[in-house]
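What follows is calculated from the coordinates using simple rules that are stated; it is not laboratory data. Everything numeric in this text was worked out from a predicted model, so none of it was measured. Reconstructed Cβ throughout: ideal geometry from the backbone, glycine too, with neighbour counts over all protein chains shown.
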Amino acid sequence: MGGPRGRRMGGPALGRMLEALASASGPLSVGEVAEAVGVDQPRASRLVQQAVDLGLARREADPDDARRTRIVLTDDGAAHVRRFHGDRRATLASALEGFTDDERAELARLLAKLADAWRRD
């Protein structure tokens, strides 16, 4: 998938990192990025660097600890996440076109049941 300035985007882990940054209430540390994405800290550091290189994220000084940095989305990164959400919505709408109203309702019921079971684990 093409990214900003024609560069190739990273894989699913980079997408998960951008999603985590977009949904966070504030900047994240590399450790928090690692936890949100489900990778170890060295991998999170590489993902952050990739996002910085692509102009999708930037590092900011941590006001509470000058030895640490916090990671935030850039405007380009936020736009990338919005485009991804739009693409995903369009793909889902297309996939559901052949479903009847009853089938959509049944799918929603089953997905809710799955989500409830998943939260209990």
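At-a-glance table
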| item | result |
| --- | --- |
| Residues whose placed amide H lies under 5 Å from that of residue 29, excluding near-sequence neighbours | 71 |
| Percent of Cα-Cα distances greater than 22 Å, calculated over segment 4-120 | 47 percent |
| 0 to 90° range, to nearest 10: angle between helix 12-23 axis and the chain longest Cα axis | 80 degrees |
| Using alpha-carbon coordinates, inclination of helix 101-120 to the longest axis of the chain, degrees | 50 degrees |
| In degrees, nearest ten, helix 41-53 long axis to first principal axis of the chain (Cα) | 90 degrees |
| Taking the chain and dividing mean pair separation by its residue count, relative contact order in percent (alpha carbons under 8 Å, at least six apart) | 20 percent |
| Cα centre as origin, Lys/Arg/Asp/Glu Cβ charges: the chain dipole, Debye | 420 debye |
